[in-house]
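Worksheet: the structure to be examined is printed underneath.
The values are calculated or read from the model by the stated rules, or taken from the named source; none is laboratory data. This structure is a prediction, so every number in the text was calculated from the model and none was measured. Every residue, glycine among them, receives a Cβ derived from its backbone with ideal geometry; neighbour counts consider all protein chains shown. Areas reflect the complete protein model, heavy atoms only, side chains present, ligands, DNA and RNA absent. Shrake-Rupley method; radii C 1.70, N 1.55, O 1.52, S 1.80 Å.
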Amino acid sequence: MALLHVNFFSMVLGMSMNMDVILPQQTWGQIGMEGKGADGKCKTVYLLHGMSDDQTIWQRRTSIERYVSRLGIAVVMPTTHLAFYTDTAYGMKYWTFISQELPKICREFFPQMSERREDTLAAGLSMGGYGAWKLGLRAVETFGAAASLSGALDIVEDFRRNVKENPANGPLFQGIFTSLQELEGSENDLMTLAASLAAEKRELPRLYAWCGREDALYQGNLKLWEYVRKLGYDLTSEESTGDHQWKYWDEKIQDVLRWWLQTDLDLQ
């Protein structure tokens with residue numbers, strides 16, 4: 001595998017941004033590692049971080065490079081700051097960046113990345129789980145599948161709970177979404193997005209989700225899982241004992257990769 005640390009300029013955001021990119025490479029002779037090259041254009045995972053983190057976190061907390069080494073796929077890990085993958089009320093267009101500009105930049109920088117939606121997965125944890133499903137439901141022309149680990153899928157309830165538990169969070173969520181009233185039923189509400197896409201009779205994305213039963217986001221996950229199933233989405237959902245921490249996400253990202261690629265390969 002090749003690991004690249006990429007500094008680039010976002011015209012949408014008007015500032016320099018960062019992403020780490022794993023590219024497939026055929027290798028042998030490395031101790032404890034076997035690398036598979038891509039067969040033609042390579043499938044790509046956009047792997048999103050949570051509220052407290054940045055583009056480095058998946059490498060620091062998991063063995064993502066080792067997990068994908070024998071799969072022949074690319075992984076894009078961008079930083080998107082604390083903006084919930086949204087064109088914010090304060091004027092920063094993080095949704096436009098992640099859904100439109102970033103895939104275009106990646107495919108220009110790395111032309112071996114496939115442009116087919118069925119070869120492109122959005123995945124993430126917590127805030128990034130919300131962002132991943134949002135990409136799957138709202139940028140369906142680019143992303144054919146989306147996977148959430150402990151995702152903030154019921155963003156309206158997450159807004160309400162965060163502000164209630166810590167009023168200091170109010171300016172943050174208001175700066176992103178304006179208000180609960182503006183958020184509910186908007187293009188940032190996953191329930192609204194799921195219903196709108198299903199009504200358009202377009203090809204729906206494959207969806208995956210896992211959440212631990214001890215997680216504060218668990219009930220919101222159950223609510224969204226039931227809702228998208230009723231709308232006809234192909235959802236694979238899993239739950240188990242667990243709360244909001246990396247020892248579960250390190251394990252479950254392997255399940256995400258196997259689900260997406262429809263393989264039972266041992267990635268350890």
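What is the residue count in the stretch 18-37 for residues that are open to solvent by less than 80 Å² (accessible area, probe 1.4 Å), free of Cβ contacts under 8 Å to residues at least 60 places away in the same chain and under 22 Å from Asn7 (Cα atoms)?
Of the residues in that region, 3 qualify.
Yes/no per residue for (1) under 17 Å from Ser52 (Cβ atoms); (2) assigned to a loop (DSSP other than H, G, I, E, B):
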site	(1), (2)
Asn162	yes, no
Phe173	yes, no
Ser186	no, yes
Thr192	no, no
Arg202	no, yes
Leu207	no, no
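For Asn166, all conditions in the list (1) in contact with a Gly (Cβ under 9 Å, 6 or more places away or on another chain); (2) within 24 Å of Asp189 (Cα to Cα); (3) open to solvent by 30 Å² or more (accessible area, probe 1.4 Å); (4) modelled with pLDDT under 95 hold save one; what is the number of the exception?
Failing condition for Asn166: (1).
Residues checked against (1) in contact (Cβ under 8 Å) with a residue 12 or more places away in the chain; (2) of a type outside the set (S, T, N, Q):
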| residue | (1), (2) |
| --- | --- |
| Phe97 | yes, yes |
| Leu102 | yes, yes |
| Glu108 | no, yes |
| Gln112 | yes, no |
| Glu115 | yes, yes |
| Glu118 | yes, yes |
| Ala122 | yes, yes |
| Met127 | yes, yes |
| Lys134 | yes, yes |
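Does any residue of the stretch 141-149 turn out to be open to solvent by less than 10 Å² (accessible area, probe 1.4 Å), in a helix (DSSP H, G or I), closer than 17 Å to Thr86 by Cα and in contact (Cβ under 8 Å) with a residue 60 or more places away in the chain?
The answer is no; no qualifying residue exists.
Is it fair to say Trp210 is more than 27 Å from Asp87 (Cβ to Cβ) and open to solvent by 30 Å² or more (accessible area, probe 1.4 Å)?
No: the conditions fail for Trp210.
Which of the residues spanning the stretch 103-126 are touching a His at 6+ places or on another chain (Cβ under 9 Å) and open to solvent by 10 Å² or more (accessible area, probe 1.4 Å)?
Scanning the stretch 103-126 gives a single hit, Ser126.
Of Ile64, Ile73, which residue is crowded, with 19+ Cβ neighbours inside 10 Å and in contact with a Lys or Arg (Cβ under 9 Å, 6 or more places away or on another chain)?
Just one listed residue meets the conditions, Ile73.
Would you mind stating whether Gln219 is buried (at least 16 other Cβ atoms within 10 Å of the Cβ), out of contact with any His (no Cβ under 8 Å at 6 or more places or on another chain) and not aliphatic (A, V, I, L, M)?
No, not satisfied.
Restricting attention to the stretch 78-111, which residues are of a type in the set (S, T, N, Q) and touching a Gly at 6+ places or on another chain (Cβ under 8 Å)?
Residues satisfying the conditions are Thr80, Thr88.
Considering only residues that are surrounded by 14 or more Cβ atoms within 10 Å (Cβ to Cβ) and among the small types (Gly, Ala, Ser), which ones fall in the stretch 38-51?
Ala38, Gly50
Taking into account only those residues within the stretch 18-51 that are over 25 Å from Ile155 (Cβ atoms) and of a type in the set (Ser, Thr, Tyr), which is nearest to the chain's Cα centre (by Cα)?
Thr44
Can Glu200 be described as under 23 Å from Ser99 (Cα atoms), in contact with a helix residue (DSSP H, G or I) (Cβ under 6 Å, 6 or more places away or on another chain), without any contact (Cβ under 8 Å) to a residue 40 or more places away in the chain and open to solvent by 50 Å² or more (accessible area, probe 1.4 Å)?
no
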